[in-house]
Amino acid sequence: MRTPRHPLVPHLPRHPLVPHPPRRGRPSRLLAGLVLTPFLAGCFAASGDDGAAPGSGDGSRLRVALAFPPAENLSPYGADATILSRLGVTEGLTTLDANGAAAPSLAASWRREDDRTWLFTLREAAFQDGTDVTPAAVAASLTHATEAEPAPAALSGVTLTAKAEGGSGVRVTTTAPDPVLPLRLAGPGLVVLAPKAYAKKGTVDPAGTATGPFRLTEVTGADAAGLDRFDDYWGGRAQASGVDVRFIADGTARANALRTGQVDLAEAIPVAQAATLDAGSRRETATTRTTSLLLNTRSGVFEDRALRAAARAAVDTSALAEGVYEGHADAGAGIYGPAVTWAEGKRVRPTGRAEAGRPGGAAITLATYDNRPELPEVAQVLKQQLEKAGFTVKLEVREYSRLESDALAGRFDAFVGARNSLLDTGDPLSLLASDFTCDGGYNLALLCDKAVDRAVGTARAAADTDERQNATMAAEAKVLGTDAVVPLVHQRVITGVGAGVGGALLDPYERTLVGTGTRR
């Protein structure tokens, strides 16, 4: 799920630099980058890591169960970008370190030349088709991303151009100042692929054309995928010889597959299934994921602000956190939850909300998906709460890939979804821009409110850390004031890790799972 979805930028010196690249083939990845204010409670780490060095031996193949089948033929520009990122297939110029700061990836260093221009210096690296990563190839990849329809969420409201500069540089220019560009370029939808990936007009093929430690070799519809180790990976040879992926939408089936030894890693274990796993095989990670109720503001019942207010007033979030999630979640406080540690102290009370109207039996269709097993139960509880308030509710549950297009087209009155608020970029404003502005590419609420757009625009212009944080929370308040979204719970994700498995990459952004040190 695009669920694509951070820290905020401090006042930048004119030429912030990061260290120079290691030599090709060295396994260490530099973590020094554009220094940002840490905001997460804790940091991601390799689960069960025993300290073994990447590249030792031929290794076994990993067996992984993922919750979301490909929805867009593994295009790197949409929801599937996260699948490719989590499996160690694709990379961008930058990544995020444990504190949420921009860190080197294919770019070993960068500096800001002026308020609209950045120069990125590439490390020596190869594409999985054997060709070199060159400035021209990187610039072409970024250009293709800007031309994609819909645009990657990280580019929502942003226009940039990329040009090769000499033998190792890429100059990126934005039409307006963008102080968080290095964070933006860490988004899973802004990966770098070989020229071969774009051979067919309008299509992008990441198979054998990316730069990560694992190469996509086979896709079996929406059921499975196969990856082989890419031995010439710049960050060191992976310990696992490959990855066999099964897409299992049913959460109980994922848990059973782990418990019976059919898979080594299983993402998004349902709360109800957690107790059936041995304590040693459960890993709970605080994330920036929020489950929300989104109301269709463009057409139907919830075009009426008073009825949106009635729906918001009907929701009891504590019943969801303690009941459905059995304490593995916090009641919704806003679009940004407790994992964004600076948010609560800066939260702004929403104003301008309409008075709650009387539903009078108004009929609505409430939709959700079953890839995250708690969501149908959340929707069922919401159905009861909304019916108690006077709505007539029809519930529709599908697998996500068969639901997204209808949701984006506004064919439902209400939608329950789980969204990582900091997945698409390292900048929290990316979520507000993509999900709640007139031009947003993932606007399930179909909201178009001039006050919201102005607030998001004001926040984007701020470079100072404190100023940007305050502006972000003011924009959040504007969104909440429309009652287009009702934050329900802030989740903690449970990952199943089989006996003897080490090096699983569990992070709050849910961008990683398998890396060079992941093994069994």
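Yes or no, residue by residue, for (1) crowded, with 24+ Cβ neighbours inside 10 Å; (2) in contact with a Lys or Arg (Cβ under 6 Å, 6 or more places away or on another chain); (3) modelled with pLDDT under 95:
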{"residue": "Ala445", "(1), (2), (3)": "yes, no, no"}
{"residue": "Arg454", "(1), (2), (3)": "no, no, no"}
{"residue": "Glu467", "(1), (2), (3)": "no, no, yes"}
{"residue": "Arg492", "(1), (2), (3)": "no, no, yes"}
{"residue": "Tyr509", "(1), (2), (3)": "yes, no, yes"}
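Would you check if there is a residue in segment 179-188 being farther than 28 Å from Arg229 by Cβ, at pLDDT below 95, of a type in the set (D, E, K, R) and not in a strand (DSSP E or B)?
yes
Considering every residue within segment 92-105, establish whether at least one is under 30 Å from Glu218 (Cβ atoms), in contact with a helix residue (DSSP H, G or I) (Cβ under 8 Å, 6 or more places away or on another chain) and either at pLDDT below 50 or hydroxyl-bearing (Ser, Thr, Tyr) (or both).
Yes, segment 92-105 contains at least one residue that is under 30 Å from Glu218 (Cβ atoms), in contact with a helix residue (DSSP H, G or I) (Cβ under 8 Å, 6 or more places away or on another chain) and either at pLDDT below 50 or hydroxyl-bearing (Ser, Thr, Tyr) (or both).
With the requirement that a residue be farther than 14 Å from Arg63 by Cβ and in contact with a Gly (Cβ under 7 Å, 6 or more places away or on another chain), what does segment 239-253 give you?
Hit for segment 239-253 is Gln239, nothing else.
Testing Arg305 on (1) closer than 30 Å to Ser434 by Cα; (2) surrounded by 24 or more Cβ atoms within 10 Å (Cβ to Cβ); (3) modelled with pLDDT of 95 or more, one condition comes back false. Which one is that?
Failed condition: (2).
Going through segment 208-253 one residue at a time, which ones are modelled with pLDDT under 95 and either within 21 Å of the chain's Cα centre (by Cα) or within 23 Å of Leu106 (Cβ to Cβ) (or both)?
Selection gives Ala222, Ala249, Asp250, Gly251.
Checking the conditions here, which among Ala471, Ala477 is of a type outside the set (D, E, K, R), modelled with pLDDT of 90 or more, surrounded by fewer than 24 Cβ atoms within 10 Å (Cβ to Cβ) and more than 20 Å from Ala354 (Cβ to Cβ)?
On the way: Ala477 fails: more than 20 Å from Ala354 (Cβ to Cβ).
Result of the check over Ala471, Ala477: Ala471.
Considering segment 107-149 alone, what residues qualify as being assigned to a helix (DSSP H, G or I) and either at pLDDT 95 or above or surrounded by fewer than 21 Cβ atoms within 10 Å (Cβ to Cβ) (or both)?
If the condition is that a residue be assigned to a helix (DSSP H, G or I) and either at pLDDT 95 or above or surrounded by fewer than 21 Cβ atoms within 10 Å (Cβ to Cβ) (or both), then Pro135, Ala136, Ala137, Val138, Ala139, Ala140, Ser141, Leu142, Thr143, His144, Thr146, Glu147 are the ones that fit.
I'd like to check something: does segment 291-308 contain any residue that is farther than 23 Å from Asp413 by Cα and within 26 Å of the chain's Cα centre (by Cα)?
For segment 291-308, residues farther than 23 Å from Asp413 by Cα and within 26 Å of the chain's Cα centre (by Cα): absent.
Restricting attention to segment 324-362, and to residues there that are out of contact with any Ser or Thr (no Cβ under 7 Å at 6 or more places or on another chain) and outside any loop (DSSP other than H, G, I, E, B), which single residue is surrounded by the most Cβ atoms within 10 Å (Cβ to Cβ)?
The residue in question is Ala329.
Name every residue in segment 266-280 that is outside any loop (DSSP other than H, G, I, E, B) and more than 23 Å from the chain's Cα centre (by Cα), in order of residue number.
Scanning segment 266-280 gives Ala272, Gln273, Ala274, Ala279, Gly280.
When you scan segment 403-410, do you find a residue that is assigned to a loop (DSSP other than H, G, I, E, B), surrounded by 16 or more Cβ atoms within 10 Å (Cβ to Cβ), aliphatic (A, V, I, L, M) and within 20 Å of the chain's Cα centre (by Cα), even just one?
Looking for residues that are assigned to a loop (DSSP other than H, G, I, E, B), surrounded by 16 or more Cβ atoms within 10 Å (Cβ to Cβ), aliphatic (A, V, I, L, M) and within 20 Å of the chain's Cα centre (by Cα), one finds at least one in segment 403-410, hence yes.
Under the condition of being within 21 Å of Phe120 (Cα to Cα) and in a loop (DSSP other than H, G, I, E, B), which residue from segment 189-207 is modelled with the lowest pLDDT?
Applying the first criterion (within 21 Å of Phe120 (Cα to Cα)) to segment 189-207 yields 189-195.
Filter once more, so that each one left must be in a loop (DSSP other than H, G, I, E, B): 189-194.
Numbers: Gly189: 91, Leu190: 94, Val191: 96, Val192: 98, Leu193: 98, Ala194: 98.
Taking the candidates together, the pick is Gly189.
The values are calculated or read from the model by the stated rules, or taken from the named source; none is laboratory data. Note that the coordinates shown come from a computational prediction; the quantities given were computed from them, not determined experimentally. Note that we place each Cβ from the backbone using ideal geometry, even for glycine, and neighbour counts take in every protein chain shown.
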